[in-house]
Amino acid sequence: MNIDKKRLALYSAGLIICMATWFLIRVSELSTFHILNFSILIIFSYAAMVFDIKTKRIPNLLVLIMMLGWLLIIVPTLFINTEHGIRLLADSIFGLLLAGGLFLLVYFVSRKGLGGGDVKFMAAVGLYLGFAEVLPTILYGTILAAITGLILILLKKIDRKGKMPLVPFLFVGIMITLLVA
């Protein structure tokens, strides 16, 4: 596999900038669980964004590893502080069901206009963000995608049936939520 070193450096720099910004703004107010949780979310979401831009697909393996990463954080939390861990676990499951269910509904209603990878990705994001923070993420990401789509249609860069990757917009929604929530 031939790796374009300039492109790899650009992607790496983008991830480092996102992580540094998030850490500088929020890290002092968060618990260790949330620092690990949101750091892993940013890394995997960034990887999903790059895959979606390049291939218009989100690999199932990436989503699976994303979910396993969440498990590696929640299990020790359940042992260290059981009461807090159970609250986090319940909130995460509700986030998974809300995001995954909402995107699954859109997947079927839009006759697969939304990709199955987007559904699985947002279900995993729901685990990391929980019930309350997944809704603003969806709102920010889909509004940005809709505005961008309308602009591209008006500029005749795509037609009404044109497809564009959704995860980059959801990634921005995740970052906005993590920075302001």
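In this structure, is residue 25 over 21 Å from residue 138 (Cα atoms), in a helix (DSSP H, G or I) and in contact (Cβ under 8 Å) with a residue 12 or more places away in the chain? Judged against the criteria, residue 25 is a match.
Inside region 163-172, residues that are open to solvent by 30 Å² or more (accessible area, probe 1.4 Å) and either free of Cβ contacts under 8 Å to residues at least 12 places away in the same chain or closer than 22 Å to residue 43 by Cβ (or both) make up a count of 2.
A quick yes/no check of all residues on (1) open to solvent by 60 Å² or more (accessible area, probe 1.4 Å); (2) outside any loop (DSSP other than H, G, I, E, B):
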position	(1), (2)
117	no, yes
127	no, yes
134	no, yes
147	yes, yes
150	yes, yes
157	yes, no
174	no, yes
177	no, yes
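With respect to the conditions (1) in contact (Cβ under 8 Å) with a residue 12 or more places away in the chain; (2) farther than 23 Å from residue 168 by Cα; (3) among the basic types (Lys, Arg), residue 57 lacks only one, and its number is (2). Residues in region 77-96 that are exposed (fewer than 14 other Cβ atoms within 10 Å of the Cβ) and not charged (D, E, K, R): 79, 80, 82, 84, 86, 90.
Within region 49-58, is there a residue that is touching a Gly at 6+ places or on another chain (Cβ under 7 Å), of a type outside the set (Gly, Ala, Ser) and open to solvent by less than 80 Å² (accessible area, probe 1.4 Å)? Checked region 49-58: at least one residue is touching a Gly at 6+ places or on another chain (Cβ under 7 Å), of a type outside the set (Gly, Ala, Ser) and open to solvent by less than 80 Å² (accessible area, probe 1.4 Å). Let me confirm something: among 108, 33, 94, which residue is touching a helix residue (DSSP H, G or I) at 6+ places or on another chain (Cβ under 6 Å), aromatic (Phe, Trp, Tyr), more than 17 Å from residue 179 (Cα to Cα) and part of a helix (DSSP H, G or I)? Of 108, 33, 94, the one residue that is touching a helix residue (DSSP H, G or I) at 6+ places or on another chain (Cβ under 6 Å), aromatic (Phe, Trp, Tyr), more than 17 Å from residue 179 (Cα to Cα) and part of a helix (DSSP H, G or I) is 94.
The values are calculated or read from the model by the stated rules, or taken from the named source; none is laboratory data. These numbers were taken from a predicted model, which means no experiment stands behind them. Cβ coordinates were reconstructed from backbone atoms using ideal geometry, including for glycine residues, and neighbour counts include every protein chain displayed. All accessible areas refer to the heavy atoms of the entire protein, side chains included, with ligands and DNA or RNA removed. Shrake-Rupley method; radii C 1.70, N 1.55, O 1.52, S 1.80 Å.
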